[in-house]
1. From other protein chains only, count the Cβ atoms within 10 Å of every residue's Cβ in B:60-73, then give the mean.
2. Between A:223, A:145, A:257, find the one with the highest GNM mean-square fluctuation for chain A; connect C-alpha pairs within less than 10 Å.
3. Using only the alpha carbons, work out the radius of gyration and Dmax of segment A:56-207 in angstrom.
4. Each label point is 7 Å from the Cα along the Cα-to-Cβ direction; what then is the distance between the points at residue B:64 and residue B:144, in nm?
5. Going 7 Å from the Cα of residue A:96 along its beta-carbon direction, which residues of segment A:116-134 have the amide nitrogen within less than 19 Å of the resulting point?
6. Around residue A:187, what is the net charge, scoring Lys/Arg as +1 and Asp/Glu as -1 over all other residues with Cβ under 11 Å from its Cβ?
7. Please give the helix A:55-65 orientation as an angle from the longest Cα principal axis of chain A, in degrees from 0 to 90, rounded to the nearest 10.
8. Under the definition of partner shielding as Cβ atoms of other protein chains within 10 Å of a residue Cβ, what is the mean value for peptide A:189-200?
Amino acid sequence: MWRGWNLPGTTSLLYLRSEPTLLTPGATVASLLSRLRIRASREARIIAEKFGYLPYIIERYLEILGREETLSLLEANESPLPETIRCNDYLIDCKTLADRLEEKGFNIKPLHLAPHGLVVLTQPFSIGSTLEYLQGYYYIQDPGSMLVAYELDPSPGEVILDMAAAPGGKATQVLQLTRDSSHLLAVDISRRRMRALRSHMNRMRFTNYTLLRADSRSLQFSSAFDRVLLDAPSSGEGIIRKDPTRKKSRSLQDIISLAALQADLLRAAVSYVKPGGLIVYAACTIAPEEGEAVVSSVLEEFEQLDVEPLSLPHRGGVVEYFNLRFDDRVRKCGRLLPHVHGTEGFFICKLRRRR
Amino acid sequence: MQTKKKAVRMRKPSTGELVALRDQLSQLKLLGAVDLQRIRLLEITEGTYMDVFEVPSTYARLLEGRLAVRSPYASGFYVGVLDKPTLRFKPSIPLAFRACRLCGLTLDCHIVDERGALIFTYGKPVMPDKIINIAGNLAPVSSENGYCLGWGKPCRRDTIKYLCPQGDVGWYLRRGG
């Protein structure tokens, strides 16, 4: 069945594969995605039934990964994500922390992807209830999420905006990476999650921050920040290893609605960052609708943006997607894949605003 | 009937508020631990207390200046709570961490053994058999291996003197999220 929706969003640089014409400026990401044609093949439906997914999700995996890799991804999604923590080396040396947790009966090994990451292989009791946790010595954080903050690469003295900051994994990591000497403005709309963010800031003993409860799309900041981090609200399709309900919880229409919100947030990010400044856009998902389509649409709207290569291990962005073609520059964006990188699924892209 | 909308604002303290805060920090022997020049009060209209923050040094230039953020949710080092009508100060857990660095130097702190530390972080009183040192009044509480646990004060029942929690790091698990 062909499906399509028209929703508000942003302008877009996308082409139809069979008709390689640039869409007119002013077309929204959602109206563009409404031209997306995903028809679940018989193969996709069979695989979807076997692994318990919605068929369109499998058809998408077959499109961007091929059959063999799709099966590898689905198998990887069946094994739970190992518990990982980020050592707060602002307060404690990571080796010392690992030793102390080992003394308490935890089995710990370094996480090779992330310099401050530790994998908790076995735990005699919850890793979130140790005295070391209460001292602020670590944050319980998934590996892909850790890698996003490294890509932001914050420096001391910079003014940094985190647009969807709560509960605070990346926000605390930004301050950790700058030894609490950048100024972080952390914004989130949720009162409950903001409370958690404040608690984590206090627990991990960071002080160079301001928290603001607001809608990040409507802040009155113009060209104010050296770096902007946007880990956008997403379908969460990347965390199926932690939450298998995501295999069936979102329709394509839901994803397209989210893409419109994500594009709005990214457009706002462009207006907040200084000329020469960096935006890191991330979403905990594998879906190109929430990744390449969003970035591509914003690249079309803002001429002064460049895509920068990622430094972390990743799979490059897709340009051709069913009957759509994205901006070529999204090749430099990247994807973390559970079966390749051992992480949750993540889309990450670095955008630089030209001077 | 028209209801008043609650408003949040971060503001500089009045002279009276600053004096009250200074005096109570002085009683805790923590006057040097907080930069009073950078104190701001986060106030909700019609609320009964104010959150006390030592805002970052960049705050005045950035947040009050260029970015004009008038009503943040929090900013900087959380010092504690100032009761609105009485101006009585209650120190925060982050302030306990600053204070713990002074234990054995300028501060007499409560010290408990490992078992006592666990009990304390559940927000429970610690009995004498698990106490290594008990200070005279409200003071930071530390474990024997140097972990800061919060604030405590001596309590007495009959002839038994024990340690009562007045804010412990277990709060981060119980309420913090």
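Each value in this text was obtained by applying a stated rule to the coordinates, not by laboratory testing. Nothing here was measured: the structure is a model prediction, and the numbers come from that model. We place every Cβ from the backbone using ideal geometry, glycine too, and count neighbours over all the protein chains shown.
1. That average works out to 4.
2. With Cα springs under 10 Å in chain A, the top fluctuation among A:223, A:145, A:257 is at A:223.
3. Final numbers for Rg and Dmax: 17.4, 49 Å.
4. 4.8 nm
5. Correct set: A:116-118, A:130-134.
6. -1
7. Its long axis makes an angle of about 80 degrees.
8. Rounded to a whole number, the mean comes out at 3.
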